[in-house]
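S.K.: Sharing a structure with you now.
Since every read-out is calculated from the coordinates, none of them should be taken as a lab result. Note that this is a predicted model, so its numbers are computed, not measured. Here the Cβ is made from the backbone with ideal geometry for all residues, glycine too, and neighbour counts use every protein chain on show.
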Amino acid sequence: MCPRRFVFIAKALAGFSLEVSLSMIQDNIERIRSNIFEAAIRAGRKPEEIQLCAVTKMVDSKTAQEVLDAGVDILGENRVQSLLEKYEAIGNKAQWHLIGHLQTNKVKYIIDKVSLIHSVDSVHLAEEINRRAQMAGKVIDILVEVNVSGEASKFGVAPGNLEPMLENLALFSNIRLRGLMTIAPKQEKVGANRKYFSKLHELFVDIRSKKYDNSNIDTLSMGMSGDYVEAVEEGATIVRVGTALFT
Ligand SMILES: *Cc1c(COP(=O)(O)O)cnc(C)c1O
């Protein structure tokens with residue numbers, strides 16, 4: 001019996017009341033993984049190239065721990081405060097990803113805890129991450145957030161400003177640029193975000209060919225509960241899924 005199954009059954013036998021939600025989470029993960037698998041195959045991609053980041057911002061630490069127990073290693077939080085609270089409870093058994101807007105003055109709290117920052121949107125922020133990473137004696141992986149939809153409410157650099165920004169980032173030797181991220185608009189219609197994902201993929205291929213210093217570009221973070229299938233079809237290497245895990 002695999003250890004995860006065993007833990008699950010042991011918890012059920014011990015009378016834990018979370019049995020239902022745990023099995024629901026497991027079913028959801030299985031469904032999401034199989035959707036990712038099929039989307040990858042349809043697009044002629046290798047399914048194992050695509051990672052699942054479980055976004056736990058709407059659940060407590062206990063439920064986040066269940067996601068780990070169910071076999072997802074990457075947990076994403078959009079706020080520093082909630083990442084710190086969950087880190088306190090769970091520690092480095094998870095790979096922590098910061099996926100939301102990061103204020104410069106909060107970099108110091110997460111620098112030794114996160115394995116990837118998805119949401120770098122200014123040279124100023126990158127400079128502070130570089131400085132703190134240097135103090136911590138590490139090199140930290142980052143993605144640059146691009147506002148491909150042009151929505152005024154969104155963080156992220158405009159596509160036209162991406163190259164000048166990356167030229168600046170290439171000077172920072174304690175950050176490693178791994179790729180790009182976008183948050184697509186909320187849509188009613190399935191497929192409506194495909195054009196934004198395709199655009200981000202185009203930028204990704206483009207910047208990869210530039211071979212910037214301090215970069216190793218292999219990560220494309222796009223797709224959430226409502227649109228991760230189309231994101232995978234358009235080249236996502238990591239999807240960020242919250243709601244679909246817990247409902
Ligand atoms: C909340 C959030 C997600 C997950 O959204 P769902 O629609 O719940 O899957 C993904 N990315 C970011 C940046 C988020 O803030």
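S.K.: Given the residues ILE32, ILE50, which is the only one that is among the β-branched types (Val, Ile, Thr), within 12 Å of the ligand (Cβ to nearest atom), over 16 Å from ALA94 (Cβ atoms) and out of contact with any Cys (no Cβ under 8 Å at 6 or more places or on another chain)?
M.R.: Within the list ILE32, ILE50, the selection yields ILE32.
S.K.: Let me ask something else about it. Among (1) away from the ligand (no atom under 14 Å from the Cβ); (2) in a strand (DSSP E or B), there is one condition LEU220 misses while meeting the rest; what is its number?
M.R.: Here LEU220 clears every test but (1).
S.K.: Within region 36-86, take every residue that is of a type in the set (Ser, Thr, Tyr) and touching a Ser or Thr at 6+ places or on another chain (Cβ under 9 Å) and give me the one that is farthest from MET222 (Cα to Cα). Full working, then the answer.
M.R.: First, the residues of region 36-86 that are of a type in the set (Ser, Thr, Tyr): 56, 61, 63, 82.
Cutting the leftovers down to touching a Ser or Thr at 6+ places or on another chain (Cβ under 9 Å) gives us 56, 63, 82.
Values: THR56: 17, THR63: 24, SER82: 22 Å.
In this case the residue turns out to be THR63.
S.K.: Also: Would you confirm whether any residue within region 226-246 is away from the ligand (no atom under 14 Å from the Cβ) and assigned to a strand (DSSP E or B)?
M.R.: No.
S.K.: Exactly one condition in (1) farther than 23 Å from THR63 by Cα; (2) part of a helix (DSSP H, G or I); (3) within 16 Å of the ligand (Cβ to nearest atom) is not met by GLU145; state its number.
M.R.: For GLU145, the failing item is (2).
S.K.: Can you give me the number of residues within region 96-122 that are touching a residue at least 12 places away in the same chain (Cβ under 8 Å), polar (S, T, N, Q) and out of contact with any Gly (no Cβ under 9 Å at 6 or more places or on another chain)? Break it down stepwise before answering.
M.R.: Of the residues in region 96-122, the ones touching a residue at least 12 places away in the same chain (Cβ under 8 Å) are 96-104, 106-122.
So of that shortlist, the ones also polar (S, T, N, Q) come out as 103-104, 115, 119, 122.
Then keep just the ones that are out of contact with any Gly (no Cβ under 9 Å at 6 or more places or on another chain); that gives 103-104, 115, 122.
Residues flagged as touching a residue at least 12 places away in the same chain (Cβ under 8 Å), polar (S, T, N, Q) and out of contact with any Gly (no Cβ under 9 Å at 6 or more places or on another chain) within region 96-122 amount to 4.
S.K.: May I ask you to list the residues in region 24-58 that are assigned to a loop (DSSP other than H, G, I, E, B), touching a residue at least 24 places away in the same chain (Cβ under 8 Å) and surrounded by fewer than 20 Cβ atoms within 10 Å (Cβ to Cβ)?
M.R.: ALA43, ARG45, LYS57, MET58
S.K.: Then there's this: I'd like the full set of residues that are in contact with a helix residue (DSSP H, G or I) (Cβ under 9 Å, 6 or more places away or on another chain) and in a loop (DSSP other than H, G, I, E, B), limited to region 85-107.
M.R.: Scanning region 85-107 gives ALA94, GLY100, LEU102, GLN103.
S.K.: Within region 60-87, track down each residue that is surrounded by fewer than 20 Cβ atoms within 10 Å (Cβ to Cβ) and either within 15 Å of the ligand (Cβ to nearest atom) or without any contact (Cβ under 8 Å) to a residue 24 or more places away in the chain (or both).
M.R.: ASP60, THR63, ASP73, ILE74, ARG79, GLN81, SER82
S.K.: Only residues that are loosely packed, with under 13 Cβ neighbours inside 10 Å and not polar (S, T, N, Q): list them for region 152-174, please.
M.R.: ALA152, ALA158, GLY160, PRO164
S.K.: Kindly evaluate SER173 against the criterion of being hydroxyl-bearing (Ser, Thr, Tyr) and under 20 Å from the mean Cα position of the chain (by Cα).
M.R.: Details: hydroxyl-bearing (Ser, Thr, Tyr): yes; under 20 Å from the mean Cα position of the chain (by Cα): no.
For SER173, the condition - hydroxyl-bearing (Ser, Thr, Tyr) and under 20 Å from the mean Cα position of the chain (by Cα) - is not met.
S.K.: Does any residue of region 169-183 turn out to be farther than 22 Å from VAL139 by Cα and either of a type in the set (Gly, Ala, Ser) or in a loop (DSSP other than H, G, I, E, B) (or both)?
M.R.: yes
S.K.: Then there's this: So which of GLY179, GLY242 is buried (at least 19 other Cβ atoms within 10 Å of the Cβ), touching a strand residue (DSSP E or B) at 6+ places or on another chain (Cβ under 8 Å) and at positive phi?
M.R.: GLY179
S.K.: To continue, here is another question. Here is a check on your reading of the model: is LEU166 touching a strand residue (DSSP E or B) at 6+ places or on another chain (Cβ under 8 Å) and more than 16 Å from the ligand (Cβ to nearest atom)?
M.R.: yes
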